[in-house]
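**Student:** Below you will find the structure I want to go over with you.
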Amino acid sequence: MKYKKVLVTGAAGFIGFHLSKTLLDQGVEVVGLDNINDYYDVNLKYARLAELGVKQEEAENWQQEASSSKYPNFRFVRLNLEDRESLPELFAREKFDAVVNLAAQAGVRYSLENPMAYVDSNLVGFVNILECCRHHQVGHLVYASSSSVYGENGKVPFSEDDRVDYPVSLYAATKKANELMAHTYSHLYRIPTSGLRFFTVYGPWGRPDMAPILFTSAITEDRPIKVFNNGEMSRDFTYIDDIVQGIIITLNNPPTKEKEQPLYQVFNIGNGSPVSLMEFIDTLEQNLGKVAEKNMLPMQPGDVPRTWADTKHLNALGYQSTTSIQEGVKEFVEWYRGYN
């Protein structure tokens, strides 16, 4: 690992938890940050932290460091990215070598209901991260963008060279804005930044507001599942272990003067092989041993019919998504049954 001390924001989230665990297993010192908001069940977030050795009663306290009983190289702090006093204090105290910013208000459909949550976390919070990286000599900022920036892009697979000027949700607009702000800071202050456009991530400890858990819980409880656009959708489903591998490869390959002017790069990170929604449901049914009752519905506002990642740029650094949908869903269902 190129860096010895890394800040992971969103550490109680799905991807942040898995990334933190992998970095810790590799011997990296990790400080995890999360505000543990209630966008979805906070018990799942505390359960993830417990897997990292942090007790809920300690993690609940704002702005207080919680130590891990499992990893001597892990500490957790509950903090909002938009906290303009506490965040710079954390950076000044810890002197991070690198930052992986995964904290954000997630969800496309929720952005229709609560737009200000996206402004606070994804815009104000991200500028605070950039300012802290600027003033505290952080060696590399890796941050979460999203495949949603492609909007209703008609060309497939989606390439980093495609235009992304037409987002169809506020969530997507904030992720595009993150890329623009990162470019500005890279240009003005020579901060190496790498954006990762995540495609549909799934696996153990996943988010309960996303299709895999929504479908699985409904099928196991004999409730109908909501199938949008009458099932005429496809997603570039990417297993969490492959995603974590890609983040670490990106972290270890910051943009350099020779490669990039300014020190800025953006990568697609996905499977590179889209799966139809109906095939995904069929794979779930096989693993659960039950057939879903399907409630066919029209397309939702802000949603897109398909996503498909062209990953050649990240592949050139050594990234490879190797987990098939059959393997990934099997692992996910086994975790779900054990957790619930």
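The values are calculated or read from the model by the stated rules, or taken from the named source; none is laboratory data. Since we're looking at a predicted model, the values are computed, not measured. A quick note on method: Cβ atoms are made from the backbone with ideal geometry, for glycine too, and the neighbour counts reach across all protein chains shown.
**Student:** Say whether the condition of being without any contact (Cβ under 8 Å) to a residue 40 or more places away in the chain, in contact with a helix residue (DSSP H, G or I) (Cβ under 6 Å, 6 or more places away or on another chain) and β-branched (Val, Ile, Thr) is met by at least one residue in the range 164-187.
**Tutor:** yes
**Student:** Can I ask one more? In the range 282-330, which residue that is small (Gly, Ala, Ser) and touching a residue at least 40 places away in the same chain (Cβ under 8 Å) is surrounded by the fewest Cβ atoms within 10 Å (Cβ to Cβ)?
**Tutor:** GLY318
**Student:** Look through ASP38, ASP97, ASP34 and report the one residue that is among the charged types (D, E, K, R), within 24 Å of LEU123 (Cβ to Cβ) and either in contact with a Ser or Thr (Cβ under 8 Å, 6 or more places away or on another chain) or in contact (Cβ under 8 Å) with a residue 12 or more places away in the chain (or both).
**Tutor:** Only one candidate qualifies: ASP34.
**Student:** May I ask you to list the residues in the range 47-83 that are assigned to a helix (DSSP H, G or I) and either in contact (Cβ under 8 Å) with a residue 24 or more places away in the chain or within 24 Å of ILE248 (Cα to Cα) (or both)?
**Tutor:** ALA47, ARG48, LEU49, ALA50, GLU51, ALA59
Matching residues to (1) under 22 Å from the mean Cα position of the chain (by Cα); (2) charged (D, E, K, R); (3) crowded, with 20+ Cβ neighbours inside 10 Å:
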| position | (1), (2), (3) |
| --- | --- |
| GLY154 | no, no, no |
| TYR166 | yes, no, no |
| ASN178 | yes, no, yes |
| SER186 | yes, no, yes |
| TRP205 | yes, no, yes |
| MET210 | yes, no, no |
| THR216 | yes, no, yes |
| GLU221 | no, yes, no |
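**Student:** Scan the range 154-163 residue by residue and report those that are farther than 14 Å from ASN271 by Cα and either of a type in the set (Asp, Glu) or touching a residue at least 12 places away in the same chain (Cβ under 8 Å) (or both).
**Tutor:** Correct list: GLU160, ASP161, ASP162.
**Student:** For the range 244-262, what are the residues that are under 25 Å from the mean Cα position of the chain (by Cα) and either polar (S, T, N, Q) or farther than 30 Å from LEU188 by Cα (or both)?
**Tutor:** GLN245, THR250, ASN252, ASN253, THR256, listed by residue number.
**Student:** Here's a follow-up. ASP222 - would you say it is modelled with pLDDT under 95 and part of a loop (DSSP other than H, G, I, E, B)?
**Tutor:** no
**Student:** Please state which one of TYR71, TYR3, TYR39 is modelled with pLDDT under 95 and crowded, with 16+ Cβ neighbours inside 10 Å.
**Tutor:** Answer to the selection: TYR39.
**Student:** Would you pick out the residues in the range 299-328 that are more than 22 Å from ILE247 (Cβ to Cβ) and modelled with pLDDT of 95 or more?
**Tutor:** Of everything in the range 299-328, just one residue is more than 22 Å from ILE247 (Cβ to Cβ) and modelled with pLDDT of 95 or more, namely GLN326.
**Student:** While we're here: Picking from THR283, THR323, THR311, which residue would you name as being within 19 Å of the chain's Cα centre (by Cα) and closer than 22 Å to ILE213 by Cβ?
**Tutor:** Every option except THR323 fails the conditions.
**Student:** Moving on. Residues of the range 132-155 being closer than 21 Å to PRO301 by Cα and aliphatic (A, V, I, L, M), which ones?
**Tutor:** VAL149
**Student:** Please identify the pairs in which a residue from the range 4-19 that is assigned to a strand (DSSP E or B) and β-branched (Val, Ile, Thr) has its Cβ atom under 6 Å from the Cβ atom of a residue that is surrounded by fewer than 24 Cβ atoms within 10 Å (Cβ to Cβ) and modelled with pLDDT under 95, counting only partners at least 6 apart or on another chain.
**Tutor:** From residues that are assigned to a strand (DSSP E or B) and β-branched (Val, Ile, Thr), there are no pairs.
**Student:** Look at the range 139-152 and say how many of its residues are touching a residue at least 60 places away in the same chain (Cβ under 8 Å), crowded, with 20+ Cβ neighbours inside 10 Å and closer than 24 Å to LEU19 by Cα.
**Tutor:** 6
**Student:** A follow-up question, please. Only one of these is among the aliphatic types (A, V, I, L, M), within 24 Å of MET1 (Cβ to Cβ), touching a Phe, Trp or Tyr at 6+ places or on another chain (Cβ under 7 Å) and assigned to a helix (DSSP H, G or I): LEU130, LEU196. Name it.
**Tutor:** When all the criteria are applied, what remains is LEU130.
**Student:** Might you let me know whether the range 97-114 holds any residue that is buried (at least 17 other Cβ atoms within 10 Å of the Cβ), closer than 22 Å to VAL30 by Cβ, modelled with pLDDT of 95 or more and of a type in the set (Asp, Glu)?
**Tutor:** Yes, the range 97-114 contains at least one residue that is buried (at least 17 other Cβ atoms within 10 Å of the Cβ), closer than 22 Å to VAL30 by Cβ, modelled with pLDDT of 95 or more and of a type in the set (Asp, Glu).
**Student:** Which residues, counting only those in the range 199-219, are closer than 16 Å to ALA106 by Cα and in a loop (DSSP other than H, G, I, E, B)?
**Tutor:** PHE199, THR200, TRP205, GLY206, ARG207, PRO208, ASP209, MET210 - these are the residues of the range 199-219 that are closer than 16 Å to ALA106 by Cα and in a loop (DSSP other than H, G, I, E, B).
**Student:** Another question about this same structure. Answer yes or no as to whether LEU44 is more than 23 Å from ALA98 (Cβ to Cβ), in contact (Cβ under 8 Å) with a residue 60 or more places away in the chain and surrounded by 14 or more Cβ atoms within 10 Å (Cβ to Cβ).
**Tutor:** It is true that LEU44 is more than 23 Å from ALA98 (Cβ to Cβ), in contact (Cβ under 8 Å) with a residue 60 or more places away in the chain and surrounded by 14 or more Cβ atoms within 10 Å (Cβ to Cβ).
**Student:** Can ASP236 be described as charged (D, E, K, R), crowded, with 22+ Cβ neighbours inside 10 Å and under 30 Å from GLN26 (Cα atoms)?
**Tutor:** yes
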